[in-house]
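First the structure, in the form of structure tokens, and then the observations on it.
The values are calculated or read from the model by the stated rules, or taken from the named source; none is laboratory data. Keep in mind it's a predicted model, so treat the numbers as computed, not measured. Every residue, glycine among them, receives a Cβ derived from its backbone with ideal geometry; neighbour counts consider all protein chains shown. When the accessible area is computed, the model is the full protein with side chains, heavy atoms only, and any ligands, DNA or RNA have been set aside. Shrake-Rupley method; radii C 1.70, N 1.55, O 1.52, S 1.80 Å.
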Amino acid sequence: MLSRVRVWLNRTYAENVFFMDQLRRNPSDRAVEIHATHGDADSPVLAAADTAELEPEGLSPAAYVEFALDQCQRRGIDVFVPRLHQAASVAHRADFPAIGTALPAPPPQAVAVFHDKVIAYEAVQAVGVPVPPWWRVRTADELVAAVEELEADGHKACFKPASGAGGVGFRVGTRPPFSLAHLNGFPSPYVPLDMVVEALEQADEQVDWLVMPRLEQPEVSVDTLTGTDNRVRLAIGRTKNGRRRGFTLDERWLEPARLIAEGFGLHY
């Protein structure tokens, strides 16, 4: 009889409750127990896990690795899937097998490339994947110059942090002044450009943003399953078009994802 597998997901995204269910219903009928940690006590991931606990706040990356190693050993974790502090965890990846825990994550150099979007865009261009035009800005003057250049080419400008995920900090700059129209309905990512410029001019520190054209829908995210031999076993696209969600196997989306996953060793 196959032994059970104990998996730890740390501060993972809420939608991964579906991934957790898939793990439990695996084709081999292997018993899977899931341990989850999170900073939000109301996270659905905690509720869906077999065991769960809140994570300590304020840990440095190095301290978090110590916490992770202790967690794996104390909880008998067979597989640790890191999201929070992934870079620090993979930098110490040899320490996890030493206590009996597998760490399915890309190698440190791949994690480093995609931590900074500027480095990532430059890298994927080098392997033949096209990317939209972009400007890295730190001041109000640089922001205005980038927006004006985009608008001159007929684009609507948006900006986002150079490092981050999940749409945090994403905004679309608009020319009309702030009015009641901005207060109708649900909050939106649209913000008057003059207010952004004023905030930058009054700030005591520089920002680190990317300014790019706002692209049309659909938005497509491609999930890949990639082995440590850098070969993609499976790829499927998820589409967002307004409120509609769907799937796609269109090679227009899958082929660039394969090039990136295989070219940079994005394992697992």
task: Output the number of residues of the stretch 192-232 satisfying the condition of being assigned to a strand (DSSP E or B), open to solvent by less than 60 Å² (accessible area, probe 1.4 Å) and either of a type in the set (Val, Ile, Thr) or more than 24 Å from Ala181 (Cα to Cα) (or both).
output: 10
statement: Residue pairs within 7 Å by beta carbon, gap of at least six or interchain, first lying in the stretch 165-194 and in contact (Cβ under 8 Å) with a residue 40 or more places away in the chain and over 30 Å from Val111 (Cα atoms), second assigned to a loop (DSSP other than H, G, I, E, B) and of a type in the set (Lys, Arg), listed first then second, are Leu193/Arg175
query: Within the stretch 63-87, how many residues are at pLDDT below 95, among the aliphatic types (A, V, I, L, M) and part of a helix (DSSP H, G or I)?
result: 1
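So how many residues does the stretch 31-62 have that are in a helix (DSSP H, G or I) and open to solvent by 50 Å² or more (accessible area, probe 1.4 Å)? Lay out the reasoning, then the answer.
Applying the first criterion (in a helix (DSSP H, G or I)) to the stretch 31-62 yields 44-48, 61-62.
Still in the running and open to solvent by 50 Å² or more (accessible area, probe 1.4 Å): 44, 47, 61-62.
Looking only at that region, the number is 4.
Is it true that Ser60 is polar (S, T, N, Q), without any contact (Cβ under 8 Å) to a residue 12 or more places away in the chain and under 21 Å from His115 (Cα atoms)? Break it down stepwise before answering.
Details: polar (S, T, N, Q): yes; without any contact (Cβ under 8 Å) to a residue 12 or more places away in the chain: yes; under 21 Å from His115 (Cα atoms): yes.
When the stated conditions are applied, Ser60 passes them.
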- request: Scan the stretch 233-255 residue by residue and report those that are more than 20 Å from Pro130 (Cα to Cα), in contact (Cβ under 8 Å) with a residue 12 or more places away in the chain and in a loop (DSSP other than H, G, I, E, B).
  value: Gly242
- request: Give the number of residues within the stretch 66-101 that are among the acidic types (Asp, Glu), touching a residue at least 12 places away in the same chain (Cβ under 8 Å) and either touching a Gly at 6+ places or on another chain (Cβ under 6 Å) or open to solvent by 60 Å² or more (accessible area, probe 1.4 Å) (or both).
  value: 1
message: Taking the condition of being of a type in the set (Val, Ile, Thr) and modelled with pLDDT of 95 or more, how many residues in the stretch 140-171 meet it?
response: 2
query: Does Ile260 count as assigned to a helix (DSSP H, G or I), of a type in the set (A, V, I, L, M) and in contact (Cβ under 8 Å) with a residue 12 or more places away in the chain?
result: yes
